[in-house]
Amino acid sequence: MNGPEIHVEFAPELHVFVPRARRDGTVRAATDGAAGLGHVIESLGVPLTEVGALLVDGREVPVSHVPAAGESVTVRTVTRPQRVPGAPLRFLLDVHLGTLARRLRLLGVDTAYESTDIGDPALAARSAAERRVMLSRDRGLLRRRELWAGAFVYSTRPEEQLRDVLDRFEPELLPWTRCTACNGMLHKASKEEVADQLQQGTHRSYDVFARCAACGRAYWKGAHHEQLEAIVERALAESRSRG
């Protein structure tokens, strides 16, 4: 771009996307005189999934606004909690977010997950077809126009990822209702119904079971239950504090 020059100021939360040399103060950006402001912002490295209100010389404008020379643009981050209109809130995670997917499912949040790399076009198409919010650390994926909705996962630590997603979207939490392996719904099951999946010690020591209606996997309060319980209790406590 070598057209009219504008001045762009990003919210501090968006500085992670801007090249280090441009993070201090206002970014000077050349435009082509025809592209919308959304295109200019993405050319500076910021996915539109992370952008909230856009102000030009103090007035709010849409991403389609064509900037003129000398305009001062303020780019705010998304408002929290972020509402996704038109569909029940549900998520799609890429291959790099398996732990986050399991934790969201543990909390009863509808979470699809691709355990293999099926490619950005296929992920974007599934997001659109199933109306799922795409969660990813891949900026290129989040810039794909066919996405239903998307959000960047800022941290590499699963506990921080979970906290951020829950704070940003505030999904309804229904712990212990989904299969952490496949996202299916769990139902109570008798010991006899799941006996073929139980080791002798488990069969002898436990009496309360659930089974996934989709994949048939059996669940019980085993050796890792306390760790999972801590994740659930922490998420519920933080949800109550936000409310």
Principal-axis tilt of helix 158-169 within the chain, Cα atoms, nearest 10 degrees: 70 degrees
Separation between Cα centres of region 71-110 and region 113-132, rounded to whole Å: 14 Å
Percent carbon-and-sulfur accessible area, the chain, ignoring ligands, DNA and RNA, probe 1.4 Å: 48 percent
Gaussian network model of the chain, Cα within-10 Å springs - most flexible of ARG20, ARG144, ARG76: ARG20
Spin-label model distance (nm) - ALA87 vs TYR154, 7 Å beyond Cα toward Cβ: 2.5 nm
On Cα atoms only, tilt of 225-242 relative to the major axis of the chain in degrees: 40 degrees
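Rounded, prolate or oblate: which fits region 7-140, taking a ≥ b ≥ c as square roots of the Cα gyration tensor eigenvalues, rounded meaning a/c under 1.5, else prolate when a/b beats b/c?
Prolate is the answer for region 7-140, as a/c is 1.5 or above and a/b outweighs b/c.
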Extension gain from ARG163 to LEU55, taking 0.36 nm per residue of separation minus the Cα-Cα distance: 36.0 nm
Computed label-point distance, nm, for sites ARG240 and MET185 using a 7 Å Cα→Cβ extension: 2.7 nm
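I need the shape label for region 83-187. Rule: rounded when a/c is under 1.5, else prolate if a/b > b/c, else oblate, with a, b, c from the alpha carbon gyration tensor.
Numbers: a/c = 1.41, a/b = 1.34, b/c = 1.05.
The shape class here is rounded.
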Debye intensity ratio I(q)/I(0), log10, the chain, q values 0.07 Å⁻¹ (C-alpha model): -0.32
Rounded to 10°, Cα long-axis angle of helix 120-130 versus longest principal axis of the chain: 70 degrees
For peptides 182-192, 8-18, 224-234, sequence by mean Cβ density within 10 Å, most packed first: 8-18, 182-192, 224-234
Per residue accessible area in Å² of the chain, where ligands, DNA and RNA are left out and the probe is 1.4 Å: 53 Å²
The chain: most fluctuating residue of ALA125, ALA223, ALA29 per GNM, C-alpha cutoff 10 Å: ALA223
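Sort 150-162, 96-108 by the packing proxy (mean of other Cβ within 10 Å over each peptide's residues), most packed first. Could you put the intermediate results ahead of the total?
Working: 150-162: 17.1, 96-108: 21.1.
Top to bottom by mean Cβ count within 10 Å: 96-108, 150-162.
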Separation in nanometres of the label points that stand 7 Å from Cα toward Cβ, at GLU13 and VAL232: 3.0 nm
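If each residue of separation counts as 0.36 nm, what is the full-extension length gain between THR177 and ASP207 once their alpha-carbon separation is subtracted?
Separation in residues times 0.36 nm, less the Cα-Cα distance, equals 9.0 nm.
The values are calculated or read from the model by the stated rules, or taken from the named source; none is laboratory data. Quick caveat: nothing in here was measured; it's all calculated off a predicted structure. Quick reminder, even Gly has a Cβ in these numbers, built from the backbone with ideal geometry, and neighbours come from all protein chains shown. Keep in mind that these areas ignore ligands, DNA and RNA; they rest on the heavy atoms of the full protein, side chains included. Shrake-Rupley method; radii C 1.70, N 1.55, O 1.52, S 1.80 Å.
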